[in-house]
Amino acid sequence: MAGVTRMSFGKFLTMYGLGTIPYALIITYVGSISSLESPKPVILAAIGISLTLWIAWYVLGCHARKQK
């Protein structure tokens, strides 16, 4: 998609980093504090991240519909 829309490589890397690095840091940290005996942090993080992303997608969709 980035190539088809002629997005610059620098902008692509910036947006890719903004979308990937925070997620990777959160998952890495939560994975480091959990264990097989106590998987609760990972389960809560997975639920929290999933809910956050679904809510953000919904809000973005509502905003796009209002603009039309």
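Values quoted throughout were computed directly from the atomic coordinates according to the rules given, and no laboratory measurement underlies them. For clarity, every value in this text was computed on a predicted model and none was experimentally measured. Here the Cβ positions follow ideal geometry from the backbone for every residue, glycine too, while neighbour counts run over all protein chains shown.
Before moving on, here are some points about what is shown:
- Nitroxide proxy distance, nm - points 7 Å out along Cα→Cβ at THR52 and LEU36: 2.9
- In degrees, nearest ten, helix 9-33 long axis to first principal axis of the chain (Cα): 10
- Theoretical ellipticity at 222 nm over the chain - DSSP helices of four or more residues, -39500 (n - 2.57) apiece, nearest 500: -28000 deg cm²/dmol
- Amide N proximity, segment 9-36 versus ALA64 label position 7 Å along Cα-to-Cβ, cut-off under 16 Å: none
- Between helix 40-67 and the chain: long-axis angle, C-alpha atoms, 0 to 90°, nearest 10: 20
- Legend: P(r) of the chain from all alpha carbon pair distances, 5 Å bins from 0, whole percents, reading 3, 14, 14, 15, 18, 16, 9, 6, 3, 1, 0.
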